[in-house]
Structure formats: C-alpha cells, structure tokens
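Asks: Pasting a structure below so you can have a look.
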8 protein chains.
Amino acid sequence: MKTWRVYLSGEIHSDWRERIEHGAADAGLPVHFDSPVLDHENSDDCGVEILGAEESNFWRDHKGAKVNAIRTRTLLSEADIVVVRFGDKWRQWNAAFDAGYASALGKSIIVLHDPALTHPLKEVDAAAMAVAEEPDQVVDILRYVIRGEL
Amino acid sequence: MKTWRVYLSGEIHSDWRERIEHGAADAGLPVHFDSPVLDHENSDDCGVEILGAEESNFWRDHKGAKVNAIRTRTLLSEADIVVVRFGDKWRQWNAAFDAGYASALGKSIIVLHDPALTHPLKEVDAAAMAVAEEPDQVVDILRYVIRGEL
Amino acid sequence: MKTWRVYLSGEIHSDWRERIEHGAADAGLPVHFDSPVLDHENSDDCGVEILGAEESNFWRDHKGAKVNAIRTRTLLSEADIVVVRFGDKWRQWNAAFDAGYASALGKSIIVLHDPALTHPLKEVDAAAMAVAEEPDQVVDILRYVIRGEL
Amino acid sequence: MKTWRVYLSGEIHSDWRERIEHGAADAGLPVHFDSPVLDHENSDDCGVEILGAEESNFWRDHKGAKVNAIRTRTLLSEADIVVVRFGDKWRQWNAAFDAGYASALGKSIIVLHDPALTHPLKEVDAAAMAVAEEPDQVVDILRYVIRGEL
Amino acid sequence: MKTWRVYLSGEIHSDWRERIEHGAADAGLPVHFDSPVLDHENSDDCGVEILGAEESNFWRDHKGAKVNAIRTRTLLSEADIVVVRFGDKWRQWNAAFDAGYASALGKSIIVLHDPALTHPLKEVDAAAMAVAEEPDQVVDILRYVIRGEL
Amino acid sequence: MKTWRVYLSGEIHSDWRERIEHGAADAGLPVHFDSPVLDHENSDDCGVEILGAEESNFWRDHKGAKVNAIRTRTLLSEADIVVVRFGDKWRQWNAAFDAGYASALGKSIIVLHDPALTHPLKEVDAAAMAVAEEPDQVVDILRYVIRGEL
Amino acid sequence: MKTWRVYLSGEIHSDWRERIEHGAADAGLPVHFDSPVLDHENSDDCGVEILGAEESNFWRDHKGAKVNAIRTRTLLSEADIVVVRFGDKWRQWNAAFDAGYASALGKSIIVLHDPALTHPLKEVDAAAMAVAEEPDQVVDILRYVIRGEL
Amino acid sequence: MKTWRVYLSGEIHSDWRERIEHGAADAGLPVHFDSPVLDHENSDDCGVEILGAEESNFWRDHKGAKVNAIRTRTLLSEADIVVVRFGDKWRQWNAAFDAGYASALGKSIIVLHDPALTHPLKEVDAAAMAVAEEPDQVVDILRYVIRGEL
C-alpha cells in the first residue's frame, strides 16, 4: 500500500503540525510527514555555525537559507501533497515561496489559514486544491483522499 | 539579436517598473518587459466583473486570482529573468509565490528590496542570482548581462 | 509584442468560435486562434480517404482519429490558453479528452458551457482557470489578460 | 519483481473493477490497483462536508472536484497502465478527462467499452494501446504484458 | 500563420523527398522540410575528413555518425511531424532509430513503406499516427492537417 | 544497496540473454533483468488472441505490436541500462527503434553485435556508451560499473 | 524514514570520502553514499580491458570514459545531494563537469575545497548550496539537513 | 531557414572565437554565436561594481559569478551547439562546468583542445559529438552540419 508523503510548510510557532500528525496517526492513515527544520534558532544559525562566521547579516542569512534549502527543496519535491500554513504573525514569505515552488512542480497544495487572510492570500489559494481553516480539516482531507471516508 | 524577456513581479504602488523600463530604454537595451495587471481595482474585480458576481469574498477573490493567473503564469514562464520587488507595505505573498514559482522553473531571479527586509526574505534571496536595493542596479545588471558593459 | 495562441476545442455545431474570433478582432487583440478541423465530414473521412478504405467501422474511425490527432495535439501543445466548449448535444468525449490533455501540459484552460452542465463537468471545471457561459466572456477574459482592461 | 500499478478510471455503477481485480488475483499477477473514490455520495459531498457548506451548486461541486483531484491526479500519475471504462449511462466526462490527462503523461492506456460507443470514443481509442470490450480481456492483457502468457 | 516543421528521415536512394516537397509546394502549404545530409559519400566521410583519419573502420564510422547526429538530433527534435521512409534495400537501422527517438520525444510520426514490410515494421507502425505507402499520401495528410482539406 | 535495472532488447533466437543473466548471477551482481516477451508466437498473436481476430495482416500486427508496447515501453523506461543485441538475421527494426527510444530518454546504451555489422549500425553505436561483441563483455561491464572490478 | 542519497564526486587521492562516510556512520545518519570507481588504474583501463585494445590514446581514454559514465551518470542522477571535492593537484575537469551536470539536473551541490581555490572555482561555488573546506563540515551539513541538529 | 545558435564557452585569452566567427561568416553560414562576457576585468568586477563592495574575496567572487550566470545559463540553454575550448593555461573549471551543464541539457557539444590535454579531458570528450584541435575544424563541422558540404 502506498505511503503518502505530505510536506508541512509554513508557520513554526503554533502546534498545527502536531495536530495534523496526531490526527493522522489516530486515524491510522499511511502518511509520512516532512517539515522544514522547526528549531528557529538552529534554522537561523546553521549556515554560520557549520560553515564559518560572517560579519554581515546578509551573508549570515544567505548561508543559512541555502543550507536549509537543501532540506526543504528535496523533501518538498518528493511530496504528494504540500500543506502550507499561514499564521497571523510575521511576513512568512518563505511559506508563500514554498507554495509557488510546489505549484510549479504540479504538487497538490492545501492552504491552511484564517479567513481574515483571504484577500492577501488569494493568489496562493487560487493555486490550491483545498483551503482549510483548521488542522482537523487537513486530517479529514487526508482520510478522504486515502480511504474515501467522510 | 536576442530580445531578452524580463518579468517584473511584485509591488504595484511605487514607480520601480518605470525606472527600470526607462533605464533600459535609455541604454538602448533589447529587452521586453512584462508585468501583472497593474490597475489594482481591475485586478481585484476582473473575476466577478467578467464571470458574474459572488456573495462571498472568498469566491470573489478566487475567481479574480485565477483570471489573473492566466496572465501571470504565462508571461512568467516565458521570461528569461524574473525581477521580484518587495516594498515596505502589505503582505506581498503573491510576490513571494511568484519567486517560488520562477525558481522551480529554473528562471534567473533578481530580488529588489530594502536591506531592512533581508531577514524575512532570506529564503527568497537565497534562490536569486542577484539581490538589489535600487531599480538602477537592475538596469546595470541587464546592461552587463546583455552587453558586458559596466 | 506577444501574439497569444488560443486553441478552441469542442463543439463544432454552433457559432461560438466565430463569436470569440470576431470579438477579439473587434477589440484589436493580438491573438492567433487555432481549432481542430471543423468540417465534420472531412474529419470523419480523412483516414480512409487518404490512407485507404477499411471494412470495419473501428479501423475507419481509428485511422481518421489519428490523422486528426496530428493536428490537434500539435496545436494544443503550442497554445497559451485552451478554451473547451461543451454544447447540449452529443457525448463530446473528445472535448473532455482535450481538457485533460491540456491540463497535464499545464495550459490555462477556460471552459465554456451552460450552467445546466455544471455537475457532470465538475472535474473539468476544477482544472480550469475560468468557467464561462457565453463566448463574450471569453473575449472579455482575453482583453483583460492581454491588456488589463475591463 | 516489479509490482505493476494499474489505475482503474471511469464508470462506478457496474462491477467491472471487481472482475478485473479478481481475475488478476486468481492469476496471481503482481498488480496493485488504484481507483477514484467509488462511493458516489461521498465523492459528491467531500468538499462541502470537510471544508464547509456552499449555497451555490457550482462551488459545492468545485470544492468536491478539487478534493477528489488530489487523489486521482496523484494515483493516475504513478500508474504504469490506466484503464478507462465507459458505460452506457451518464456523460462520463471525467473518464475522458482522465484519458487525456494520462495520454499527455505518456501512460499506457486501455479503453474498455461496448462497440456501440466506438464512434464517439474514437479520439480516446486512438490514444490507447488497446481497446477492449470485456474486463476479462483486460486481465488477459495484464497476464500477457507481465508474464508473456496467452 | 504557423509554418509546420517536417523532418524527412530514412531512405536516401529514391526521390520520395522531392515528391513530398514538390507536392507540398504545389499545394502552397506552409511547411519547412528538413532532412539528414543526403550525399551518401559526404555522410560517410565527414568525421575523418574534418577531424582526422582513422585506421579502424569502427572509429571512422563512429566519428562520422556523431557529426551527423549533431544535425539529425537537432532538426528532428524541432520537428512537428517526422516522416520515416523505409525502402526495399539495406538495413536502414538509422531510420528505425530515428523513429524510436522521435517517438520518445512525443513527435507525430508518419511511416512510409511498402505493404510487404508490414510485419517487420509493426513496432514502428504501432508508434505512428499514420502509415502510408506513397509520398502523395503524405502530402494529402499535410494538406488535411494544415488546412482541413481532402 | 541499489539493484540495477537492465533491459535486454533485440534478437530473440540465440541464447545471449541467458549468457548475460547467468554471468551476472555467477558474479553475484545486484541486477534485475527485463526483456520483451521472448515467445515469438505469443508475441505475434497476442493482439488478435486477446482482443479479437482481424482479417487484414496490418491490423493483426498493429494490435499485437501495441499490446507488446505496453510491456516494452514501461520496462525500458525504468531501466538504468539498455542492452540492444543485433543478430545476423532479420530486419530487427524493433531493436533499432528501442535504441532510439532509449537514447531520447537518456538511458545508458550498450550495443552488442558482430563487427560485420559496424557500418549499418554506426548511428546506433554512436548513441551508445559501449559496443560489445560478446555477452561476456556485457557481464564484465556490469561488474565494473557496479563494483569497480576488472 | 527516507534514506538520503549522496554522491561523492572528485578527488580520489585523499581520504575525504572515508572521513565523510565515517562521520555520517558515527552520527547514525540514514545516508547511502555513492562514488565513481576509486581504483585509478581500473578506471583508466576499463574500456580497453573489457572491450578490446586501442592503438591510440584518444580512443583508449574514450572507451574507458564512456564505460565509467554508465556508472557516474546513473548514480549522480539518483542522488539528493552531490558533494564535489577539488584537491590541490591535477586538472580535475571531471569534477567540474560533474558539478555542471548536477547543477542542470537541479541537485543540491556542496563544494569542498581549500580557500586558495576560491577564485578559479567561483562559477562552481556559485551553483552550490554550500561551500565547505573540511569533510567534517559536510557531515555537519548532513546532520543538520536530516535531523535539524547543530 | 533556421539560424543555428552556437555558444562558445571557455578560454578567453586567445583568438579562437574570432577565427570561428570569421570562418562562419566567410562561408555565409546562418549561425548566431553567443559567448560569456569576454572582458576579464568586467567579468570579475560585475558583482561588486553593481551590487556593492565586499570585504571578503569569497563573496566578491560569489556575487560576480552569479551575475555572470544570468547570462551564461540563459544563452547556453538556448544553444543548439555548445563549443567548449580548453587552452593550456589556468584551471578552466568554468569551461568544464559548462560542458557538464550542456551535457545534462542534451546539447550537442564540440570540445576544442590540444591533444596534450586528451587524458585529463577524457570525461568531457566522452560527452561530446566531436573533439577538434583547431577552430577551422569547428567551422568545417558547422558547414557540414548546416549545408552537408565537405
């Protein structure tokens, strides 16, 4: 039986990933979840920590973002489904970038956000197969898509 | 002689496109520029205006975003170079989405933004061939890339 | 300036193509339209007429359908936009086949049909960038997409 | 040994899938079969049931068709062989859409239909590797293709 | 108006290319024809003549075949339609190679051969959109495909 | 450890496949071999036997060749290495077709033939990574490629 | 859990591969490493040893380089990450060739070299996700990319 | 008539490009030549000159190499033929990188170098359609490939 690969992109400061993963586990769904590195500090530091310090913030961020991209690009391109979560804080341009990247690769995208964000996210939503507000809805979609159950 | 195709994505409330287009014209560069529809109101209204009114904001936005995507996806995928401009206002998730989309298609990306945005844009910058602060720098890149002149 | 390529697939027994083509011409839009062969008899006879008679209807249809596919696959794969029209008669499986083919190639699809067909066409509509009821709406989309005008 | 992936698209109101699956199992063929969701009601309701009610039928169908597409596009694109069954009822435009989609992806297509449908299905048949009338013939093809046995 | 690109592969010892090219010119069809180098001696000698003599026949042939491949692969991959002609002499493995190459690229293939060759060419014919016996039939197909005329 | 997939195309009237398979087994190489259906009669009859008799030889061959293509295209496109054997009898256009098909897919090709066939096979050899005369050489290549041993 | 595929290209005269492989093993990382054939003599001799002697050095090298390419192209194209090591001796054009090849395939590249080589390697470094000086840094990147640990 | 696109990569300190361009012009060949920026100083300075100074040599080179890559990747990917010249000085890793990049894109490659470099360039030569020693031979290949003349 196929194990579905689901990549969980976006917001790292709430428990939406856990809720989806627990929901899928409780339902016994054959899903493997991947994510970016969720430790914010490590994610910011990885470039300079491993490859050497930088004086300028630009190159510090640049080195880190590229090391992170080794992970994110690889896992995102192997996913069947990409869930992109937008929270109410921060710019979250990396989440929108991931959505565009996934869209060009022809992935099935599920966007997860509060209705208050509908207008600024309309281009992202337009590229998606589903727009949900709650993690439970993502679990419901996975259960339906994999098993046909409502 | 090749005419270079450059797609100008992002911020629509400042004159950065004009500055790049005028700069390229003044330098006599063989470049054709494309952009999304820049009339904000038309861009928001096109879906319901053409295809019929919607009661919910979500579907109103959805119809419009998809009609706009006919233009943006087509022109973006034909570009040699995609310039993505981030301003100091709004969420601009569509700009980041375009950057991700262009990146997955293997386009050469130039990001244009104020240094103050370096940290939140680090993933976008990491996918770019150049990160500029001023429209003139984009013109300089085009002149160098096309003619080898500094 | 780019000439947009638009492929008009589907129903051949009404004047919807003429209405779109005239509308686009009246608006002075830079669009080149392509279509399958619209002469129904020629379309049915081309295989046996050119390559030799067949006793069985299956091979008669088969030879013809393949000769037609030389045209349709080529033009469809060169299009920026594929308009697929479903009328109220016939099975029109070739129109739905074209829509699926265009979708897998990543084309922007506009579906044109009466609201009465919404339910059986839901999978086709779901793959489209716009669903219209009247040819004039397709002209309006082209004008907006190309010129940004409403 | 390779497990062949076969996607069974189309008609959901007769037992043709069971006949193929049982035939393949009886022959001990290493085949994994996939299908769209076969519960008609769930298939119609999934969008609104999971993502929230809609007043208009169009959006109701739209949300459902997209959720279903997450499943169908994924499984169809992983298949080695796509069998498309056309029955004697309904429009079955989704079946023809799947055939077009599979064709553009270069899949081996087997079409399964009554000879009475030959003329309207000629474009679909022309894209196929085999046109069968009975499920048993599909089993015979699988046995021959996998084991070389007649 | 689109100029169709047609690549004429295979037999170089009869006048079938001239007959097709004249037929298309007489009909005023917008077709550009390409072919491999038709001067047999030059085709055999080009490698050693340009790049230096070889003692072994294997390397002599190898160098020539690769120089020829620069032309054939480029033109074949740009064609809309590939016509492959098999005559009654020689092995003509290069013609069958071209057919396989064109098939994997998704080109529309027309095979041109005497019915006596049907059995040994069945795999090539099975990959074609049309199988013709006379050059005039190829002209007829081009006229129909481009203009819809029989 | 990777299992290498090797597709053995071409001549079906000598024991070259067995010699390669036994040689690889004796060396304990992690290789999975695939081939077309090697029962000549079944290969010729499969179309009409399964899908119904045909009066004309052309359609008899056509139906069979397409059913065989389901197997050959699938396995060939999954191979890491494609070995194509040309013997001293028959036209073997299907072998040359497979070589062209494999070449366009970017497969590593090994051609196996007597030096007497060098000139007519020069285009096929030019697309290959190795040209061998004996099955043992193919085993030696596999051992070297997989284990680095001479 | 995913096993990451890492291809180690370049210098074969120091122990950098062992240091990376041991480091990854010590950290318990789920990585499978591939490399070109590391026995220099075998790598030079494989063509003539298996396929027959050559008088000219050019063809001797040519036959060997192609047999090696069967291995290197296959494994490189299956890798998630390609590490390319440049040492202080030899031309190492094959390493730079591999880097270009990997870059066009969209692989994540890590370049490993002494800072003294920065200027001549700038084009290779510009295509990489990370530029390291020591094998331990590559292990650190793998640990971070796979487990998020610094 | 087709204008052939030829990209001239590699050595910038001898007159080999001029010799090829003049030879092609003298022969009246329909060829458009492209090259990287040939002004060595501009090529080294473009990054910091346009985008701002850098303290470290690494980032100075990095910014420049990426700006250059906008040009080289674009033109190289549009070429029909890529000529790569290796001289007797410098590391020339960018030339080998271009060759690998072109090879993965399926371009026809011609390598131009002194026989003294045969051994270290064997992997690059093995990916080429022709290996020449003098610019005149490249002109001869172009004349033959385009016009069939020796």
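The values are calculated or read from the model by the stated rules, or taken from the named source; none is laboratory data. All of these numbers come straight from a predicted model, not from anything done at the bench. Glycine gets a Cβ as well: all are built from the backbone with ideal geometry, and neighbour counts include every protein chain shown.
Asks: When the residues of the range D:34-48 are narrowed to those that are part of a helix (DSSP H, G or I) and touching a Phe, Trp or Tyr at 6+ places or on another chain (Cβ under 8 Å), which ends up surrounded by the fewest Cβ atoms within 10 Å (Cβ to Cβ)?
Replies: Among those that are part of a helix (DSSP H, G or I) and touching a Phe, Trp or Tyr at 6+ places or on another chain (Cβ under 8 Å), it is D:ASN42.
Asks: How many residues are acidic (Asp, Glu) and assigned to a helix (DSSP H, G or I) if we restrict to the range D:49-65?
Replies: 2
Asks: A follow-up question, please. What tally of residues in the range C:1-37 results from selecting those that are small (Gly, Ala, Ser) and at pLDDT below 95?
Replies: Matching residues across the range C:1-37 total 1.
Asks: When you scan the range D:83-116, how many residues do you find that are under 15 Å from D:ASP34 (Cβ atoms) and in contact with a His (Cβ under 8 Å, 6 or more places away or on another chain)?
Replies: Counting residues in the range D:83-116 that are under 15 Å from D:ASP34 (Cβ atoms) and in contact with a His (Cβ under 8 Å, 6 or more places away or on another chain) gives 1.
Asks: To continue, here is another question. Taking into account only those residues within the range A:7-26 that are small (Gly, Ala, Ser) and buried (at least 16 other Cβ atoms within 10 Å of the Cβ), which is farthest from the other protein chains (Cβ to nearest Cβ)?
Replies: A:ALA24
Asks: Kindly indicate whether any position in the range H:96-103 is buried (at least 21 other Cβ atoms within 10 Å of the Cβ), farther than 25 Å from H:ASP140 by Cα and of a type in the set (A, V, I, L, M, F, W, C).
Replies: yes
Asks: If you don't mind, another one. Go through the range D:24-45 residue by residue and tally those that are closer than 23 Å to C:ALA116 by Cβ and in contact with a Gly (Cβ under 8 Å, 6 or more places away or on another chain).
Replies: Keep residues of the range D:24-45 that are closer than 23 Å to C:ALA116 by Cβ, which gives D:40-41, D:43-45.
Filter once more, keeping what is in contact with a Gly (Cβ under 8 Å, 6 or more places away or on another chain): D:43-45.
Counting residues in the range D:24-45 that are closer than 23 Å to C:ALA116 by Cβ and in contact with a Gly (Cβ under 8 Å, 6 or more places away or on another chain) gives 3.
Asks: Moving on to the next point. Any residue at all in the range A:104-112 that is surrounded by 24 or more Cβ atoms within 10 Å (Cβ to Cβ), modelled with pLDDT of 95 or more and farther than 22 Å from C:GLY106 by Cβ?
Replies: The answer is yes; a qualifying residue exists.
Asks: Okay, moving on. Run down G:ASP34, G:ASP15, G:ASP39 and say which single residue is touching a helix residue (DSSP H, G or I) at 6+ places or on another chain (Cβ under 8 Å) and on the phi < 0 side of the Ramachandran plot.
Replies: From the options G:ASP34, G:ASP15, G:ASP39, the qualifying one is G:ASP34.
Asks: Could you please find all residues in the range B:60-92 being at the interface with another protein chain (Cβ under 7 Å from one of its Cβ atoms), charged (D, E, K, R) and touching a residue at least 60 places away in the same chain (Cβ under 8 Å)?
Replies: Within the range B:60-92, just B:ASP80 meets the criteria.
Asks: Within the range E:101-136, count every residue that is at the interface with another protein chain (Cβ under 7 Å from one of its Cβ atoms), free of Cβ contacts under 8 Å to residues at least 12 places away in the same chain and more than 21 Å from F:CYS46 (Cβ to Cβ).
Replies: Total meeting the criteria: 1.
Asks: Somewhere in the range F:31-45, is a residue away from chain E (no Cβ under 13 Å) and in contact (Cβ under 8 Å) with a residue 60 or more places away in the chain? So that I can check it myself, show each step before the final result.
Replies: Taking the range F:31-45 first, the residues away from chain E (no Cβ under 13 Å) are F:31-35, F:38-39, F:41-42.
Those still in the list that are in contact (Cβ under 8 Å) with a residue 60 or more places away in the chain too: F:31.
Yes, the range F:31-45 contains a residue that is away from chain E (no Cβ under 13 Å) and in contact (Cβ under 8 Å) with a residue 60 or more places away in the chain.
Asks: Okay, moving on. Any residue that is aliphatic (A, V, I, L, M), crowded, with 24+ Cβ neighbours inside 10 Å and touching a Cys at 6+ places or on another chain (Cβ under 7 Å) - is there at least one of those in the range C:53-67? Full working, then the answer.
Replies: Of all residues in the range C:53-67, those aliphatic (A, V, I, L, M) come to C:53, C:65, C:67.
Those still in the list that are crowded, with 24+ Cβ neighbours inside 10 Å too: C:65, C:67.
Those still in the list that are touching a Cys at 6+ places or on another chain (Cβ under 7 Å) too: C:67.
Yes, that holds for at least one residue.
Asks: Output the number of residues of the range E:9-33 satisfying the condition of being in contact with a Lys or Arg (Cβ under 7 Å, 6 or more places away or on another chain) and either assigned to a helix (DSSP H, G or I) or among the charged types (D, E, K, R) (or both).
Replies: 2
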